[in-house]
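Here's the structure, in structure tokens; my notes come after.
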Amino acid sequence: MKKILFTLCLFTAITSELFANTGDTTWVTIYNNRKITQYGNYDTSAVLPTGKRFRKIRLHYILGRYACPSGTQYCGSWDYTTQIYVKPAGADTVEIARVITPYATDWLSTNRKNDYIIDVTDYASLLNGNLDFRYVYQGYSWGFTVTLKLELIEGVPPMDAQSVKNIYDGYFSYGNVSDPIENHLVAKSFQYNSPSTNAFIKNTISGHGSDDNGCGEFCSKYYELKINNTTISQKQLWRNDCGVNDIYPQTGTWLYERANWCPGSVVKPITHNLSALTTPSSTFSVDIDMEPYSVANQSNLGGFNVVSQLINYSAPNYSVDVAVEDIIAPTDDANYFRSNNVCSNPKVKIKNVGSTAVTSVVFNYNLVGGAVQSFTWTGNLPFLKDTIVDLGPSIAMFNGNNSSQFVVSIAKVNGVAGDQNPFNDRYQSIIKPVKSYPSKFVVFFATNAATSPINPGFNEAHWKIIDQSGAVVASRLNNLNSKVFRDTLTLPNGCYTFITDDDGCDGISWWVYPNYPVNPGTGTLRFSSATTPATLKTFNGDFGCQIIERFTVGYALDVNEISEPNVNFQLFPNPSSDLVNMLLDMSTKQDVSYIITDVTGKQVYADKLMNISSDIYPINTTHLVSGLYFVTCKFDGGKQLTQKLIIHK
């Protein structure tokens, strides 16, 4: 009887899914918090709905950490290649996503995870029924958990995905004289038939390993795509934006540029539209040629992970259709961390999913419960192209509004109300308010000793503040190395953006520094109260290329977080010779004592500072010989911190 009841319930659930309304979403869990405990393949299966049409399918790749058992030799949780494959019966096994894990050795202690959201609508022809999946983990260090979920949103897609075929799939050494990569990337013939009318090639190619020249991970190389022996495109395989990765800070070398990937990010496919070059029932050849390359030392080779697919589609389903793909800001989505939080200028991503070019879009947007504002975008957006739209200055929308939800919708396309598919015209996000600072505060900036490669003679880091119109209202440029700058600012009410750029793309503090040939030391950047010892904001120096802080003056959008009641200290210059500065960072005045010990633990100096506030206090080190020392500060309340000090004479 129980079995009959269960079957009836299951049938009811499936029936309700099959007859769900357009826009309804079905969730399918492939893995739930699966611990990654070894290198290799993780196979499973899942049941996906059948007989349905989905306008969009999104893969949620949720990465977390677990505590490795005591004695585990490898539990570093570093940057490794992971791939998700589907294995449909009687068809090619195909990769649907590739994600490089972050340097996440601190994720467990910080209870951190990230939901990477990947559009996999291209594989709709495969994602149905009883389906086998494979998760490939290519790391030799464990500690990650992975959850994979499919979000299947019903409706009519821009085109119906009808088939997927592999062109290439494998890891091939690069620069190998005896077995060149072109031996594996040979020309292949393909044909597709009606009702398919559109053909695309989707290439996911990333370089890994390192020979004596840094190839393939750390070298920029191109590939050429040939159709019928004619080159139709050349693409460079390089990511130069790792230093502005949204998944930051990380604990390793996350900010180095790499061969089409960054630690902690999705490997972005490169898509080529062949629809104008091919026709149904006609045979055509496809060939990828990598940039010619060889290396002298043939015993140490890197390579490229190459997945190339031919994907066929039906004719476009709509003539006029614009989709709101995502909200870049405001949102609490960690994948847009650097773009948030905001107090003006919302940004949304739109895509033309109709065959007619889009020249204008009218948007309505607001915080839920607040007044609706409008913005008109103009341009030229071809079929299947996307763009990010800045909705303009809009501080009035945020001022005094405590809503945690932002909504945007499309009102007109090409001057006509609505479009042919209203189900993708609206998007909503959860938001967090920005900080509010007093009208008068201090920007405290202690530079390190890193000289700019772009502006010789000055420090790599420099900052500016712009208002909501984009005008610069304050800045500190051309800064000298190992100097302290205190700028007291008085700003009128408004919305502002504080931007610090680092020309070396390595922030002002980084764990790698001590291993440099010349250690540039550690810089400090913070906002301090102009009237009390309070620190309003201390910025993490490990920010890569850029750090951004958006804030308001005179608009209380966030009453919960104005100051950081912490204590900290830093030493600069470090290494030092006869004088080292101790930068104390405290939220209240207090007594601070400190001692200096050598590597044997012997105390070589001690002092006590009475009733002091956050500031710089010099320490005379002329009596210390060259070597490694430890400076330990003791604060009120019993907190004790230690920093290394190198004396070099």
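The values are calculated or read from the model by the stated rules, or taken from the named source; none is laboratory data. Worth saying up front: this structure is predicted, and the values here are computed from it rather than measured. Neighbour counts run over all protein chains shown; Cβ positions are idealised from the backbone, glycine included.
Observations on the model:
- Selection within segment 105-150: residues that are outside any loop (DSSP other than H, G, I, E, B) and of a type in the set (Lys, Arg). The member of this set that is surrounded by the fewest Cβ atoms within 10 Å (Cβ to Cβ) is Arg134.
- Of the residues contained in segment 452-460, one or more are found to be assigned by TED's automatic domain parsing to the domain that holds Pro575, under 27 Å from the mean Cα position of the chain (by Cα), of a type outside the set (Lys, Arg) and in a strand (DSSP E or B).
- Single unsatisfied condition, Ile499 versus (1) of a type in the set (A, V, I, L, M); (2) farther than 24 Å from Asp585 by Cβ; (3) under 24 Å from the mean Cα position of the chain (by Cα): (2)
- Count of residues meeting criterion [in a strand (DSSP E or B) and either touching a Phe, Trp or Tyr at 6+ places or on another chain (Cβ under 8 Å) or farther than 30 Å from Pro292 by Cα (or both)] in segment 151-181: 13
- Count of segment 242-261 residues which are out of contact with any Ser or Thr (no Cβ under 7 Å at 6 or more places or on another chain) and in contact (Cβ under 8 Å) with a residue 40 or more places away in the chain: 12
- Among the residues of segment 604-625, those that are modelled with pLDDT under 90 and surrounded by 10 or more Cβ atoms within 10 Å (Cβ to Cβ) comprise Ile612, Ser613, Ser614, Asp615, Ile616, Tyr617.
- Condition broken by Ala417, with the remaining ones in (1) touching a Gly at 6+ places or on another chain (Cβ under 9 Å); (2) closer than 30 Å to Pro157 by Cβ satisfied: (1)
- Tally of residues being surrounded by fewer than 17 Cβ atoms within 10 Å (Cβ to Cβ), touching a strand residue (DSSP E or B) at 6+ places or on another chain (Cβ under 9 Å) and of a type in the set (Asp, Glu) across segment 191-224: 1
Table: residues versus (1) in contact with a Gly (Cβ under 7 Å, 6 or more places away or on another chain); (2) modelled with pLDDT of 95 or more; (3) outside any loop (DSSP other than H, G, I, E, B); (4) not assigned by TED's automatic domain parsing to the domain that holds Gly264.
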position	(1), (2), (3), (4)
Ser45	no, yes, yes, yes
Gly51	no, no, no, yes
Ile57	no, yes, yes, yes
Thr72	no, no, no, yes
Trp78	yes, no, no, yes
Val86	no, yes, yes, yes
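Every residue, every condition in (1) assigned by TED's automatic domain parsing to the domain that holds Tyr293; (2) modelled with pLDDT under 95; (3) more than 22 Å from Thr82 (Cα to Cα), yes or no:
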residue: Trp142; (1), (2), (3): no, yes, no
residue: Val164; (1), (2), (3): yes, no, no
residue: Tyr174; (1), (2), (3): yes, no, no
residue: Val177; (1), (2), (3): yes, no, yes
residue: Ser206; (1), (2), (3): yes, no, no
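- Being small (Gly, Ala, Ser), at pLDDT below 90 and assigned by TED's automatic domain parsing to the domain that holds Phe485 is a property that Ser587 has.
- Count of residues meeting criterion [farther than 13 Å from Asp390 by Cβ and crowded, with 18+ Cβ neighbours inside 10 Å] in segment 319-337: 10
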